[in-house]
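The values are calculated or read from the model by the stated rules, or taken from the named source; none is laboratory data. Computed from a predicted model, the values in this text were never measured in an experiment. With ideal geometry, Cβ positions are generated from the backbone for all residues, glycine too; neighbour counts draw on all protein chains shown. To get the accessible areas, we keep the full protein, side chains included, count just its heavy atoms, and leave off ligands, DNA and RNA. Shrake-Rupley method; radii C 1.70, N 1.55, O 1.52, S 1.80 Å.
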Amino acid sequence: MKNIYLIGDSIRTGTETSPGYERFIRERCKDGVYSPNDSARFAQYTLRGLSDWVRQIDGKTIDGVHWNNGLWDVLRLDGDDPLTPIDMYVSMLERIYKKLRLFFPNAEIIFALTTPVIEKDAPNGWMRYNRDIQRYNEAAAALMNRLGVKVNDLYSVAESFDESDYDDWTHFNERGAIILAQKVIQTCGLDK
């Protein structure tokens, strides 16, 4: 069994009502699944957090890192622009990648595209647009292609979901999280 390190936002970790996909990866794989005890939130937060998170593990023992950022980065609060401008997002992702190469020298790095949202259910003052998510995903995929990083297209997987697979406008219920977990397991080669 490979040792995999999962880095991601609340789609990975879950919320009070949403299980997150990590739970089902851990249930399926039992051993060899590691992660920070924190949500990766937005890209700059991940860049800062990595230095603390890697102190909890010997990075040389990790075979693969599955990582995402995006939902927080595209978040528009109170009618403002996205929290992280797209050029800054791409810059932060490249810096994160360099840190991952440093901290996990033997690992295959896999970047997961940001999942879509149900725009009409966004709470007052908070907004994420799927058109922004698609633009940020395209920019991230182009960067990952240039860096030679495998991309896990969780956007396309979740795009096929209907509203009954969501727990709220952003997060997934158990069925949705299990399907995402299966895609992560497959992409990381944990099903072999």
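Here are the numbers for this structure:
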item	result
Every residue from the stretch 38-57 that is open to solvent by 50 Å² or more (accessible area, probe 1.4 Å), at pLDDT 95 or above and at negative phi	F42, Q44, Y45, R48, D52
Pair list, Cβ under 8 Å, 6 or more apart: the stretch 15-27 residue without any contact (Cβ under 8 Å) to a residue 12 or more places away in the chain and among the charged types (D, E, K, R), other residue open to solvent by less than 10 Å² (accessible area, probe 1.4 Å) and assigned to a helix (DSSP H, G or I)	none
Those residues of the stretch 1-27 which are within 18 Å of I62 (Cβ to Cβ) and open to solvent by 10 Å² or more (accessible area, probe 1.4 Å), in sequence order	M1, K2, N3, E22, R26
I86 open to solvent by 40 Å² or more (accessible area, probe 1.4 Å) and aliphatic (A, V, I, L, M)	yes
Single residue of the stretch 127-166 satisfying the filter (of a type in the set (D, E, K, R) and open to solvent by less than 30 Å² (accessible area, probe 1.4 Å)) that is farthest from the chain's Cα centre (by Cα)	D165
From the options D38, D80, D73, residue that is farther than 23 Å from K150 by Cα, part of a loop (DSSP other than H, G, I, E, B) and in contact with a helix residue (DSSP H, G or I) (Cβ under 7 Å, 6 or more places away or on another chain)	D38
Residues of the stretch 35-83 satisfying the condition of being in contact with a strand residue (DSSP E or B) (Cβ under 6 Å, 6 or more places away or on another chain), of a type in the set (G, A, S) and under 16 Å from D9 (Cβ atoms)	S35, A40
